[in-house]
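What follows is one structure encoded as C-alpha cells, with my remarks underneath.
The values are calculated or read from the model by the stated rules, or taken from the named source; none is laboratory data. What you see is a predicted model; the values in this text were computed from it and never measured. Here the Cβ positions follow ideal geometry from the backbone for every residue, glycine too, while neighbour counts run over all protein chains shown. Areas reflect the complete protein model, heavy atoms only, side chains present, ligands, DNA and RNA absent. Shrake-Rupley method; radii C 1.70, N 1.55, O 1.52, S 1.80 Å.
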Amino acid sequence: VQMSEMPVSSSKNPWKVDPEEIKNRLDLRDTHLIFSIDPQGCEDVDDALSVRTLPNGNLELGVHIADVTHFVAANSYTDVEARARATTYYLVDRRYTMLPSVLSADICSLLSGVDRYAVSVFWELEKESYEVLRVCYNKTIIRSAYKLAYEAAQGLLDGDTSVVGNILELKNLDERTRQKKLAELVWAISKLTDIAQHVRAKRHRCGALQLEGVEIQVQLDDKNKIHGLITKQPLEVHDTVAECMILANHWVAKKISENFPHQALLRQHPSPRQEFFTRLRECASAKGFSIDTRSNKTLAESLDKANDPLDPIVNKLLRSMATQAMSNALYFSTGSCPEEEFHHYGLALEKYTHFTSPIRRYADIVVHRLLMAATLNETKGDVKDYVFSNKELQELCRHINSRKQAAQRAQKQSTKLFRCMYFKDTTPETEARCIADGVIYSIRTNGVLVYVPRYGIKGAAYMKNKEGLVISCQGDRSCEWKPGSLHRFQNKITSTTTTGESVTLSLFDHITVKVLVQTSRCHADAIKLEIIRNMPYQTSDTEVSQNFQVVKSDLEEEVSQSAEAAQRAQEKAGVKVIDEDYQEYCQTKGASLYQLLEEIKDLALLDVSADIRT
C-alpha cells in the first residue's frame, strides 16, 4: 500500500516535474548556480547551496533542502511508516532508510543536472560584514549544477586543479567553457567559506564550543571484507557546509517558534551540571591548565587556552572530556517548557531545530510542515494537518529521541563489530597494524584508560593481571609481568615489583599498546589493550599521514565491559570453533541464546508430571 503512494521513476522513464507545480514555486533553474557537497558516493542528497551577488552589491546566500513533504502527505501510509522509523540507520556495510529508495535516492535527492522540488532559505548579506539584512523562505524548483565530493570541493578551495578531472559535470566540455564554469564554481565555494567563517566566529564569540571526537571509516573491498580502518580527515569545507546548515536550522527555528509558540518542534541542549566537569578540571590541572566551566563562553575560552605545544592530543582529550560531561541534545515541543530553556548550549544559539535533512530524519519533515504553515498563504489542507497539538508533539518528540538514540547505538555497535573483525583477522604479515601509540586519559585502580589516536579507540589497559602479577619494565622499556603491587594516586599509578623495581604511568603519558580482541560466548567481542612499552610508539611517516587524522563528530564511548570477566566466560565455554562457519559468518557454531530460550519455552508446554519422583 505504501509503495502505491510513490511516484513512478525509472531509468527509462525518469520522474519529471509537474508544469502546474512550477507555477506555485520560485524557479531558480536559470538564475542560480546551485551545487551540493557531500561524502563520496552519497545517494540521499538532502541539501544544496548557492551564493551570488545581487544588483545592489550585497550577497545572497541560499540553502536549498529537498522538499520531501511534497511527496509524503501528512498521515499517509508513507508518513506513518516514516514516523515509526523516525530516522535512517547508517551501519558500516549497509543502511536502513526512513523513506522508500525511490524518494531517498532518486526523486527527493538533489542530484545534479535534474529538476527537483526544494524548500529554500535566502539571506541578503551586507557585502563586506556579511551581516544579515533580510531573510525569506520559499518553495522552489532547482537544478543542481554539481554534485561535489568533499575532497573535490576542498581541492578547488586550495587551488588544486588536479581534482577537476574528478568532477563529472566538467567533463566533455570545451576548454573555454570548462575554465569559465570552473572559475564560477571556485568563486562560489570560496565566498561560501568566507561567509561560514564569519558566522562561525560570531557564534564562538557567544560561547559556541568546538568539541573533539573521532569518526572511523571502515574500508571494505568488493567482497565486503575489511580492507582498513582510517579516521576521516578534517577538511575546511566540512565546516563550511555545517555552518550553512546550522544557520538555516537556527533561522527556521526562530520562524516556526514565532508563529507557533506552543506547538513548534525545536532542539534543546541544556547546560550541564557543574559536578560533571570535575574530572575535566582535575585532568586539566595535571597539565597545569585551569578550566572555567561557569558558562559555555568561559568553557570555550578555557579549552582554547589549554594547549600543550608539544602534544596536541592533550587538547583533543580535554575537549572529549568536556563533551562527555554534557547531556544529549533533545527534540521538544515549545509548549512543554519555558522559553528560557529553549537554548542550545553547545552551539550557543537561543533557538535551534533540525530542518536540513528531511530525507533521513522525521523531525525535519515535521519542521518543514510547520515552516510551510507559517510562511505560505495557502496550503493544500487544513493547518491542523501540518501542526500537532502540544501534547501530541511532545509524545512524538519522545519517540523520535528514542529512535535517534537507538540509531546512534546501532551505528557504534556496527563500527565496534567491524573493528573487532579487523583486528581479529590478523596474520603474521599484518600483525604490525595491532601495535600503536596510546595516550593515558584516566587512572583506575588496576590500570589505565588509553586513547589510541590511530584507530579512535578508547579502552582499558590493565597493569595487574588475574594471577596478581603487575607490569614491570626492562632496560629497553618493554613490559613483562612480575609479582608485586599497584599504588594509585590522583594523576598517576605506580607498579612496584617484590624486587623493588617500579614503573609510574601518569595522565597524558604516551605508551605503546597492542590492540587485541577479547572473545566470549556470553558477550560480544570487545577490544582489549595491552601495554607493550612505557614509551611512545614510533611509526612511519606514511602511517601518520594516513591514520592520525581527527575530525569533529560523535565521540567513541568509554569501555565499560570487564575484559577479565569476558576471558573467564570464554574459558568456561570451551567451545571449538568450526573454521568454515567462522570464515563465512565470523561466528562460532553452537546453540544461540534465542534457540535456548525457544527450547525452554517448548519444555514448558510438556507434561512432565509422570517423571517427577517423590
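Numerical summary
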| item | result |
| --- | --- |
| Relative packing of peptides 248-255, 417-424 - highest average C-beta neighbours within 10 Å first | 248-255, 417-424 |
| Difference of contour (0.36 nm per residue) and Cα-Cα distance, LEU168 to MET3 | 56.2 nm |
| D (Stokes-Einstein, µm²/s), Kirkwood Cα radius, the chain, 0.890 mPa s at 25 °C | 89 |
| Residues with amide H under 5 Å from that of ILE527, placed H, sequence gap 5 or more | GLN518 |
| Neighbour cut-off at most 14 other Cβ (10 Å), DSSP loop, trypsin sites (Lys or Arg not before Pro), the range 1-78 | LYS12, LYS16, LYS23 |
| Around TYR331: net Lys/Arg minus Asp/Glu count, Cβ-Cβ under 14 Å | +3 |
| Mean separation of Cα contacts under 8 Å, 6 or more apart, over the residue count of the range 212-256: relative contact order % | 26 |
| Members of LYS127/LYS181; LYS464/LYS492; LYS482/LYS514; LYS12/LYS139 lying beyond 21 Å, as alpha-carbon distances in this model show | LYS127/LYS181; LYS12/LYS139 |
| The chain - percent of accessible surface contributed by carbon and sulfur, probe 1.4 Å | 49 |
| Rounded accessible area per residue of the chain, 1.4 Å, Å² | 51 |
| Average Cα contact separation per residue, the range 136-261, under 8 Å, 6 or more apart, as relative contact order % | 21 |
| Mean Cβ count within 10 Å, highest first, over the residues of peptides 359-372, 33-46, 99-112 | 359-372, 99-112, 33-46 |
| Options LEU170, LEU185, ALA201, ranked by Cα towards positive dipole end of the range 168-228, top entry (Cβ charges) | ALA201 |
| Net +/- balance of residues flanking ASP44 in space, Cβ distance below 13 Å, scoring K and R +1, D and E -1 | -1 |
| Pairwise label distance in nanometres, ASN75 with GLN210, each label 7 Å out on the Cα-Cβ vector | 4.9 |
| GluC sites (Glu not before Pro) within the range 430-520, DSSP loop, no more than 16 other Cβ atoms inside 10 Å | GLU467, GLU501 |
| Where labels lie 7 Å past Cα in the beta-carbon direction, separation of LYS305 and THR177 in nm | 5.9 |
| Relative contact order of the chain, pairs being alpha-carbon contacts under 8 Å that are 6 or more residues apart, as % | 13 |
| Approximate spin-label separation SER336-GLU275, in nm, with each point projected 7 Å along Cα-to-Cβ | 2.5 |
| The chain, helix-only ellipticity at 222 nm - DSSP H runs n ≥ 4, -39,500 (n - 2.57), divided by all residues, nearest 500 | -10000 deg cm²/dmol |
| Within-9-Å neighbourhood charge of LEU229 [Cβ basis; K, R +1; D, E -1] | +3 |
